[in-house]
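The structure is given below, and queries will be raised subsequently.
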Amino acid sequence: MSDSEEGRRFRALFISDVHLGTKGCQAELLLDFLKHHEADTIYLVGDIVDGWRLRQSWHWPQTHNDVVQKLLRKARKGAKVVYLPGNHDEFLRSYYGSHFGGIEVVETAIHESANGKRYLVIHGDIFDMVVRHAKWLAFLGDWAYETALMVNTYLNLARRKLGFPYWSLSAWAKLKVKNAVNFIGKFEETLSAEARKQEVEGVICGHIHHATMHDMNGIDYINTGDWVESCTAVAENYDGRFELIRWAEHAAGLAARPAVEAEGPGVRAAA
């Protein structure tokens, strides 16, 4: 598949924080994205399935099953699919080195881009002190986040009726609350320091649901975002350039095709 209206093909795709098994998961948008995008390698960068939520109550509509089947189908057709579990799908961490339907489960990965740069690929939760040392607080935060998403659903139903585009309450709150902004900054610094420690040029992660690409003290910091609020993914082109694809905006008709803007050397963003 080539770059066309029918779809785009990349050297690599990076997707995280889908949270299958939750009501907030935007499975339909992800299915649409997977329909229009192919890649030689697909990295599933953690929290693809939400084991925390499924343990509390079972929610698994057909669209969530369709996402799993779509990924398995891509693996059968020759794509290399690598799954790096996060904290919400930590039950898969017992299966490092295993293959399921052609999908390999690993703890971390080193991705080498077409232009020779090396990137640490990791979910990132092991650098979140709340998740590591106060899991009860992480569960409380997860409940609050789920509540915000529920409010956001009804808010956006009203916005659509009034002709307004999608807007994320929780994403807005994260950027307005000082502690949340400080946490995001500290997380980015810590992951970038880990990349430097491992002597690679960049890091590609998820976990905090904040999609971005920028230089962090000489390290390419790339966060894939999520498929609950922003519906974003990161793609590597065949020349080694990375781009951030914001599929919710595309699907909402804000652009006929993703418009590309520069976001620093080696990376770019697409609406």
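List every residue pair whose Cβ atoms lie under 7 Å apart, where the two residues are 6 or more positions apart in sequence or sit on different chains, the first residue falls within the stretch 93-120 and is within 17 Å of Asp47 (Cβ to Cβ) and touching a residue at least 60 places away in the same chain (Cβ under 8 Å), and the second residue, located anywhere, is outside any strand (DSSP E or B) and of a type outside the set (Lys, Arg).
Going by the 7 Å Cβ cut-off, the qualifying pairs are Ala109/Leu84.
Which of the residues belonging to the stretch 209-230 are among the aliphatic types (A, V, I, L, M) and either surrounded by fewer than 22 Cβ atoms within 10 Å (Cβ to Cβ) or not in a loop (DSSP other than H, G, I, E, B) (or both)?
Met213, Met216, Ile219, Ile222
Could I ask something else about it? Tally the residues that are in contact with a Lys or Arg (Cβ under 8 Å, 6 or more places away or on another chain) and of a type in the set (Gly, Ala, Ser), restricting the search to the stretch 236-253.
The number of residues fulfilling the criteria is 1.
Now, a different point. Conditions: (1) of a type in the set (A, V, I, L, M); (2) under 20 Å from Asp239 (Cα atoms); (3) in contact (Cβ under 8 Å) with a residue 60 or more places away in the chain. Ala79 meets all but one. Number of the miss?
Condition (3) is where Ala79 drops out.
Could you tell me whether the stretch 38-61 includes any residue that is among the hydroxyl-bearing types (Ser, Thr, Tyr), outside any loop (DSSP other than H, G, I, E, B), within 18 Å of the chain's Cα centre (by Cα) and surrounded by fewer than 21 Cβ atoms within 10 Å (Cβ to Cβ)?
yes
Regarding the stretch 73-92, can at least one residue be identified that is among the basic types (Lys, Arg), crowded, with 17+ Cβ neighbours inside 10 Å and modelled with pLDDT of 95 or more?
Yes, the conditions are met somewhere in the stretch 73-92.
Here is a yes/no grid of residues against (1) modelled with pLDDT of 95 or more; (2) crowded, with 16+ Cβ neighbours inside 10 Å; (3) at negative phi; (4) touching a Phe, Trp or Tyr at 6+ places or on another chain (Cβ under 9 Å):
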| residue | (1), (2), (3), (4) |
| --- | --- |
| Val181 | no, no, yes, no |
| Ser192 | yes, yes, yes, yes |
| Gln198 | yes, no, yes, no |
| His207 | no, yes, no, yes |
| Thr232 | yes, yes, yes, yes |
| Ala259 | no, no, yes, no |
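Out of curiosity, is Gly24 in a loop (DSSP other than H, G, I, E, B) and either more than 18 Å from the chain's Cα centre (by Cα) or loosely packed, with under 15 Cβ neighbours inside 10 Å (or both)?
When the stated conditions are applied, Gly24 does not pass them.
Only one residue in Leu13, Leu31, Leu71 is closer than 18 Å to Phe100 by Cβ, touching a residue at least 12 places away in the same chain (Cβ under 8 Å) and not small (Gly, Ala, Ser). Which one? Write out each step before concluding.
Details: Leu13 fails: closer than 18 Å to Phe100 by Cβ; Leu31 fails: closer than 18 Å to Phe100 by Cβ.
Checking each option against the conditions leaves just Leu71.
The values are calculated or read from the model by the stated rules, or taken from the named source; none is laboratory data. Quick caveat: nothing in here was measured; it's all calculated off a predicted structure. As a convention, Cβ positions derive from the backbone with ideal geometry for all residues, glycine included, and neighbour counts pool all protein chains shown.
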